[in-house]
Amino acid sequence: MLKSLGAFLLVVFMVSCDGQTIKSEFSPTQNGIWNKDSVVAFSFKELDTIQEYNMFINVRNDGTYPYSNLFLIAELQFPNGDMLRDTLEYEMSKRDGEWLGTGYGSLKENKLWYKENVVFPTSGVYKLEISHAMRKNGQVDGIVELEGITDVGYLIEKSN
């Protein structure tokens with residue numbers, strides 16, 4: 001019995017570790033509501049300074065998310081003070097309303113491209129800040145409380 005359990009756990013461990021993921025982290029929103037003034041911040045370090053990486057922004061949404069797209073502002077700060085700021089738009093559902101992403105039931109996880117083949121040339125601490133930039137059509141002011149986003153995160157993988 002113990003041998004069978006050990007073999008099963010070994011297979012699960014081997015399948016779950018793809019060897020490509022370098023860093024990954026999630027931060028939950030406040031009860032599934034992302035306030036427009038709530039900046040989700042992450043920091044990471046100890047990356048190879050010559051290796052190319054792919055960066056993703058991960059977003060989990062549930063069935064209460066009322067839109068088919070998502071606008072984000074991502075700010076990547078380098079240890080030397082340089083900064084990259086991007087306004088990003090992602091599709092969250094198909095035209096027929098079916099959610100994109102993976103998962104079962106009403107909770108979906110979306111792995112959204114952020115930077116491809118990026119090199120982190122300086123040793124030290126990098127900071128990634130993510131905020132939403134959702135607005136209703138024709139309105140200048142942003143949506144204060146964006147419902148249906150349960151978690152926001154990032155993922156860094158080795159580039160092939």
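The values are calculated or read from the model by the stated rules, or taken from the named source; none is laboratory data. Treat the numbers as computed from the prediction; the structure is a model and nothing was measured. Don't worry about glycine lacking a Cβ; one is built from the backbone with ideal geometry, like all the others, and counts go over all protein chains shown.
Some points to look at:
- Among the residues of the range 86-102, those identified as within 16 Å of the chain's Cα centre (by Cα), touching a residue at least 24 places away in the same chain (Cβ under 8 Å) and more than 16 Å from D151 (Cβ to Cβ) are D86, T87, L88.
- Residues located in the range 96-110, provided they are at negative phi and either surrounded by 14 or more Cβ atoms within 10 Å (Cβ to Cβ) or touching an Asp or Glu at 6+ places or on another chain (Cβ under 8 Å) (or both): W99, L100, T102, S106, L107, K108, E109, N110
- The residues of the range 29-62 that are assigned to a strand (DSSP E or B) and small (G, A, S), listed by number, are A41, S43.
- Pairs where the first residue, in the range 25-54, is modelled with pLDDT under 95 and aliphatic (A, V, I, L, M) and the second is surrounded by fewer than 15 Cβ atoms within 10 Å (Cβ to Cβ) and assigned to a loop (DSSP other than H, G, I, E, B), C-beta under 9 Å, 6+ apart: L47/S123; I50/P121
- Extreme residue, surrounded by the fewest Cβ atoms within 10 Å (Cβ to Cβ), among residues of the range 129-160 that are among the small types (G, A, S) and closer than 20 Å to N69 by Cβ: G138
- Members of the range 63-85 that are more than 14 Å from the chain's Cα centre (by Cα) and either part of a strand (DSSP E or B) or aliphatic (A, V, I, L, M) (or both): N69, Q77, M83, L84, R85
- Test: residue in the range 132-140 that is closer than 27 Å to E46 by Cβ, in a strand (DSSP E or B), in contact with a Ser or Thr (Cβ under 9 Å, 6 or more places away or on another chain) and not aliphatic (A, V, I, L, M): no
- Unmet requirement for L112, which otherwise passes all of (1) touching a Leu at 6+ places or on another chain (Cβ under 8 Å); (2) outside any strand (DSSP E or B): (2)
- Residue check for I73: modelled with pLDDT of 95 or more, among the aliphatic types (A, V, I, L, M) and surrounded by 15 or more Cβ atoms within 10 Å (Cβ to Cβ): no
- Qualifying residue in the range 118-128 (condition: buried (at least 16 other Cβ atoms within 10 Å of the Cβ), within 12 Å of the chain's Cα centre (by Cα) and either within 16 Å of L72 (Cβ to Cβ) or not hydrophobic (A, V, I, L, M, F, W, C) (or both)): yes
- Count of residues meeting criterion [more than 21 Å from K94 (Cα to Cα) and out of contact with any Phe, Trp or Tyr (no Cβ under 6 Å at 6 or more places or on another chain)] in the range 123-151: 15
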